[in-house]
Amino acid sequence: MDVITGEAVTLDASRILRRLCKHWSHKFAVRYDDAGGEIQLNDVRVLLRAAPERLFVTLENPQAEVPRRLMGVVAEHLQRMAADATLEVVWSDADAAPTPRV
């Protein structure tokens, strides 16, 4: 199983995770409430957990590696859902930094 974790500092964690879950619910299987969410992106499960001043993100794939580009996709979408606030996801594995999009 491959697991990548990250977190973002925000006062709007619950709102941002709800917005992302609603956004992706049109394409993927999604479950969420105010405290957390789960999005099934093909083989990768995205887990979101709201905490005071933090949004925790976990990407996990029980069968293979999590595609590293997915970190950038998830972070970019979270930033978009944050709307006018700046949101930066810091991934726990420095070697797992997403490849910049060109």
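Quick look at the numbers
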read-out	value
Which numbered condition Asp95 misses (of (1) modelled with pLDDT under 95; (2) in a strand (DSSP E or B); (3) not β-branched (Val, Ile, Thr))	(2)
Residue, surrounded by the fewest Cβ atoms within 10 Å (Cβ to Cβ), within segment 54-69, restricted to residues that are under 18 Å from Val90 (Cα atoms) and touching a strand residue (DSSP E or B) at 6+ places or on another chain (Cβ under 6 Å)	Arg54
Top-ranked residue of segment 1-27 - restricted to ones that are in contact with a Phe, Trp or Tyr (Cβ under 9 Å, 6 or more places away or on another chain) and either among the acidic types (Asp, Glu) or assigned to a loop (DSSP other than H, G, I, E, B) (or both), ranked as surrounded by the fewest Cβ atoms within 10 Å (Cβ to Cβ)	Ser25
Identity of the residue in segment 28-52, over 18 Å from Met71 (Cα atoms) and in a loop (DSSP other than H, G, I, E, B), that ends up farthest from the chain's Cα centre (by Cα)	Pro52
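The values are calculated or read from the model by the stated rules, or taken from the named source; none is laboratory data. Just so it is clear, the model here is predicted, and its values are computed rather than measured. Virtual Cβ from ideal backbone geometry, glycine too; neighbours counted across all protein chains shown.
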